[in-house]
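The values are calculated or read from the model by the stated rules, or taken from the named source; none is laboratory data. If you're wondering where the values come from, they're calculated on a predicted model, not measured in any experiment. Note that we place each Cβ from the backbone using ideal geometry, even for glycine, and neighbour counts take in every protein chain shown.
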Amino acid sequence: MFVVGHRGYPVKSPENTIPSFQAAIRAGAKGVELDVHMTADGQLVVIHDPTLRRTTDGQGEVANHTLAEIKRLEAGVRWGMSGIRVPTLSEVFREVNAELFIVELKQGLSSPYPGIEKKVVETISSCRPAGEVMVNSADPSSLVKVKEIDERISTCLTVDGDIESSLQAAKAAAVDGLHVNFKAATAQGVSLAKSKGLRVGLWTPNKESELLEAISRGPDWITSSYVERALATLRLRGETAP
């Protein structure tokens, strides 16, 4: 069992930024989870929300701004930091030495981003990151598109309910794993998914009690905003944290 940094290490550094991802890896996370939106000029940027206000000093939708406009924004403003920018997906692949990148495909406020799957696959191919990339989405049809473009890329279905109810969709989309809300996961569900050859990660336990609960379900990995706490809890339970 291992730890993936949720948006990097957002309790130590601004979420979804290069410093945050690097902090997660330095702390011992094996991988990082990140979110991708598309700009007005078709570039992939790493940011969680479809709008800019919460995590930058900008306003409006990501989709209505060019990459150049977004690059002028401060992504560390809520931390009182300057000079931290919203990264592109390719920058994350080049600058973060993770063994696993979980790339969550996001949607705009009103609709999905046309062609985002192709853009992500092309970025993976051109950057050739050192670690494995697992493309993640709550939309099975989006993951089908990824596999149609390149069947070698790992895909993972986001699950916010019980695992058993998601298995048919997972099979139809030929995904490699499930990324499940830990509050909805059971040990039986995790075991069933694994018996069908699926890898299972649980998001996002942060308190020690939540981490203990998630670990007891037996997933392959834990996605947490509290990387060091998650690692310490794994050690407490006698689980390996490579």
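Return the pair list, or none, for Cβ contacts closer than 9 Å from residues in the stretch 91-112 that are within 13 Å of Val45 (Cβ to Cβ) and part of a loop (DSSP other than H, G, I, E, B) to residues that are among the aromatic types (Phe, Trp, Tyr) and at pLDDT 95 or above, at least 6 apart or on different chains.
Lys106/Tyr113
Restricting attention to the stretch 152-182, report how many residues are part of a loop (DSSP other than H, G, I, E, B) and in contact (Cβ under 8 Å) with a residue 12 or more places away in the chain. Before you say what the answer is, go through the steps one by one.
Kept after step one, since they are part of a loop (DSSP other than H, G, I, E, B), are these residues of the stretch 152-182: 152-153, 160-163, 173-176, 182.
Remaining after also requiring in contact (Cβ under 8 Å) with a residue 12 or more places away in the chain: 153, 160-163, 173-176, 182.
Within the stretch 152-182, residues that are part of a loop (DSSP other than H, G, I, E, B) and in contact (Cβ under 8 Å) with a residue 12 or more places away in the chain number 10.
Quick check on my filter: what residues within the stretch 75-115 are at pLDDT 95 or above, aliphatic (A, V, I, L, M) and surrounded by 15 or more Cβ atoms within 10 Å (Cβ to Cβ)?
Of everything in the stretch 75-115, those that are at pLDDT 95 or above, aliphatic (A, V, I, L, M) and surrounded by 15 or more Cβ atoms within 10 Å (Cβ to Cβ) turn out to be Ala75, Ile84, Val86, Leu89, Val92, Val96, Ala98, Leu100, Ile102, Val103, Leu105.
Hey, can you tell me all the residues within the stretch 164-201 that are aliphatic (A, V, I, L, M), surrounded by fewer than 23 Cβ atoms within 10 Å (Cβ to Cβ) and closer than 17 Å to Leu100 by Cα?
Leu198
Determine whether the stretch 218-235 contains at least one residue that is among the acidic types (Asp, Glu) and assigned to a loop (DSSP other than H, G, I, E, B).
yes
Could you check the stretch 1-22 and list, in sequence order, the residues that are surrounded by fewer than 21 Cβ atoms within 10 Å (Cβ to Cβ) and either in contact with a Phe, Trp or Tyr (Cβ under 7 Å, 6 or more places away or on another chain) or within 20 Å of Glu122 (Cα to Cα) (or both)?
Hits for the stretch 1-22 are Met1, Val11.
Looking only at the stretch 129-151, which residues are of a type in the set (Gly, Ala, Ser), loosely packed, with under 15 Cβ neighbours inside 10 Å and part of a loop (DSSP other than H, G, I, E, B)? Full working, then the answer.
At the first step, the residues of the stretch 129-151 found to be of a type in the set (Gly, Ala, Ser) are 130-131, 137-138, 141-142.
Add one more test, that the residue is loosely packed, with under 15 Cβ neighbours inside 10 Å, and what stays is 130, 141.
Residue satisfying the conditions is Ala130 alone.
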